[in-house]
Structure formats: C-alpha cells, structure tokens
1. Quick one: is E281 of a type in the set (D, E) and farther than 30 Å from A46 by Cα?
2. Report, ordered by the first and then the second residue, all pairs with beta carbons closer than 8 Å, sequence separation of six or more or different chains, a first member in the stretch 182-202 that is closer than 14 Å to L215 by Cβ, and a second member that is surrounded by fewer than 17 Cβ atoms within 10 Å (Cβ to Cβ) and of a type in the set (D, E).
3. Go through (1) within 30 Å of V228 (Cβ to Cβ); (2) at pLDDT below 95 and name the single condition R160 misses.
4. Taking only the stretch 21-69 into account, find how many residues are farther than 19 Å from E130 by Cβ, at pLDDT 95 or above and surrounded by 16 or more Cβ atoms within 10 Å (Cβ to Cβ).
5. Do the conditions hold for A88, that is, is it part of a helix (DSSP H, G or I), under 16 Å from R247 (Cα atoms) and at pLDDT 95 or above?
6. Restricting to the stretch 298-319, and then to whatever is charged (D, E, K, R) and part of a helix (DSSP H, G or I), can you tell me which residue is surrounded by the fewest Cβ atoms within 10 Å (Cβ to Cβ)?
7. For the stretch 185-229: of the residues being modelled with pLDDT under 75 and among the charged types (D, E, K, R), which is farthest from P259 (Cα to Cα)?
8. Can you confirm whether D390 is in a loop (DSSP other than H, G, I, E, B), surrounded by fewer than 23 Cβ atoms within 10 Å (Cβ to Cβ), modelled with pLDDT under 95 and assigned by TED's automatic domain parsing to the domain that holds E75?
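The values are calculated or read from the model by the stated rules, or taken from the named source; none is laboratory data. Everything quoted here is computed from the prediction, not taken from an experiment. No Cβ is skipped: glycine too gets one built from the backbone with ideal geometry, and neighbour counts run over all protein chains shown.
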Amino acid sequence: MRADRLKEEETPLAELLRTLLAQEGAIPFWRFMEFALYHPRHGYYAQLPSRRIGRRGDYYTGPSSGTAFGRLFSEAVAEAWVLLGRPAILDLWEQGAGAGWLACDLVGALRQRAPHLAERIRYTIVEPRELPRKEQEARVSAAGLSNHFRWVESLDGTERLVGVFFSNELVDSFPVHRLLWRSSGWSESFATWKGGRFCFVERPLPAGSQWRDVLEEPAADLPEGWVVEASLDAPLWMRQVAGLIDRGFVFTFDYGFLPQERFLPGRAAGTLRAYRRHRRESDPLAHPGEQDLTAHVDFARLQRAGEEMGLSSLSVVDQHHFFVGILSAVAERYDGKLPEGLTAGGFQTLTHPEFFGRTHRVLIQSKGIVDASSLSCLRFARSVGSCPPDHPPATN
C-alpha cells in the first residue's frame, strides 16, 4: 500500500472505525456516514463551521456567500408575522445554522427595515455541538444581537411555537441507506475495511423491506447496478418539526428531487457525493471525518411526513422563483428601493441557474394558517424539475 494512501486514510476517525469494523464486521453505510459526519469529537460537523464552509472550506452555501439570503428571507418572515396576526412574540427557529451568517443577516435586516417587528423576535438556534455553537454565539455577540437569541441542543418536543422554523442545507446531510438493484433483487451497501482501505460490500435486502415506498418504480426496467439513497432520519425529523409548530410556517431549503425524478437516467449512480476543498471526491469512504458527505433530499417523503403531523404543503419551489417573488414584492412595497446592502451579484448567486437558483429548492409548509397565498415567495411558484442529473450541485 502506498504511503500517501495510508496517510489519507489516517484521520482520527479512521482508527475508531477500523476498530469498530474489526469487532462487528461490515456496517450499513448509513452508520458509516453517521460516524463520519456526527461523531461528537472527530466527526465532520464537530469542527468550526467557518473551517468547512466558505472559500477556505469545502463548499459554499447561500448564507455564507453574502447577506442577500438573510435580507430577502427577512421579508418572508415579516409577511409570515402578518399572516399569524402580528403576535407579541414571533418565534424564529433555525437548525443547521452554520456560523450564524443567516441568523445575523436576518435579524439585522429586520432591525433596519421593520424595527417594530425586530423587537418581537425570539430566535432559537438548534445546535448540539460545542464548537459550532461557540462560533455562532461569537458572531451574534459581535453583531450586538445577543438579546434576541438562545440555543437549544435538540428538538425535544416540550415547546410549541408561533412563528417560523427554517433550515438551509440540513436534510441533505442526514445519513442515508445506499440501495442497489441487481438481477437477483435489491441489495444494501455496507462499509468494511479490506486491502488497506474502506470499501463497499453488498447484502441482499430482506423480503418485505421498509423501502417499498421508495423503490416503487418497477425494478425490471432498471439496469444492473442502479443506486438509490433513502434516509430514515429525514421524515422522523420533519415529524418532530411539525409537532413543534402550534401555528406558523416551515421553510426547508435544500437540493433534492420529486418522485418523478428519482429514476431519471442520469441518476443511475445515485446522488451520494463527497466534497473536500471545493472538489468532488471520488470515494465517499475515504478520509472519514474530513470530507463532507451529502445526498439529495426526497421532498415528497418530507412533505408526506409533515402532512401526517398536521402541516399543509404550500409548494416546492426552486430557489430562483422563491427569491424573485420576494424581490418583486419588495420593489413594489418600497417604490423600487431594494433592501440596504443587497447587490446584483449577491442576488445573482442565490437565483442564477448556474449557482443556487435551480439546484436548490424550498419546501414551504404551514399550520393554522387559513390562507397563505399572499406570501410573495409563492408568486412564481410552479412545478419545476431539479437541475439536470449530470449537473453537480452548486454547493455540497
């Protein structure tokens, strides 16, 4: 084995995984992904967000690319507040807040454009990890916004909110089962250590698998080796979020697909991706804990899970039409004056098809709202296809 290959595999987490594999044998890929991303000390998301996101990291996100995301989304928050009847306290909950870019930009924009609303904001960040939380707290403090914020470690189900829950590029990082079609039927990918490296092995899915709803396409029409990813955590998470809402809205920003797009020809190899230093890596099992792992979101399963818990699904809209709708309303509302600090370049990054505009979508849901059609983000909502299957996501 080459020395440089050994060096690549020798991350702190690799040794722990090799020990686990020696004790238990091959483990399902979802469990490998969970270790690689969420190990409390050596997992990818245990490090500072600013180390993994942005120019010096592995990928960009909309909020990390500038203030446009927060400034425009603040307009949607203001509209939501009106539809909720202008409550004395408006709860904003964010999960997957990164370094706190969106949080500070959103509240800062409300302070400028709607100070009467900003005073009513109670902003909760869901963050179980120490280093990301410290970086978020430092950014919020430096912006002079600490009086609006608090942190919780999880969605424990003890609270009910009237307001808005939102996440950006959170669900794509949930661990996934990797399923493959063979002439003998469906198999699942497991990870093992063999020949001096982590590698995949396959095991047949048992009869009556829990994935029947995901694998509903006639398997006989699929070519050998077709790959599908599916997450158990995503619908469970959405049910938790829905249970948290008394009255309000849920905005889930991410890249993903609709049912008719799962089996498009260009997706034969699946959507699992690994990113490191702004490059797509060929091996998702390499250097665990030091590269991002991600898979496209199944928006239909998220939508159904929310509806089972009382959410109404308003739209799944691409990010281009989402923000163009908001911008058109802002231009009307303020006589053509755009939010302070919003630049053409920042807006283009969010909405251009070659950046985040078509690769990213927004699932918009509500509870206890009689008519949400006045939301400006719904102005140009329509059924849209995702980015072409061979077009890589603009971020992770």
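1. Working: of a type in the set (D, E): yes; farther than 30 Å from A46 by Cα: no.
Answer is no for this residue.
2. Pairs that qualify, where the first residue is closer than 14 Å to L215 by Cβ and the partner is surrounded by fewer than 17 Cβ atoms within 10 Å (Cβ to Cβ) and of a type in the set (D, E), are R182/E202; R182/E224; S187/E202; E188/E202.
3. Condition not satisfied by R160: (1).
4. The total comes to 9.
5. Numbers: part of a helix (DSSP H, G or I): no; under 16 Å from R247 (Cα atoms): yes; at pLDDT 95 or above: yes.
Answer is no for this residue.
6. So, considering only residues that are charged (D, E, K, R) and part of a helix (DSSP H, G or I), the one surrounded by the fewest Cβ atoms within 10 Å (Cβ to Cβ) is E308.
7. R212
8. Values: in a loop (DSSP other than H, G, I, E, B): yes; surrounded by fewer than 23 Cβ atoms within 10 Å (Cβ to Cβ): yes; modelled with pLDDT under 95: yes; assigned by TED's automatic domain parsing to the domain that holds E75: no.
Criteria not met by D390.
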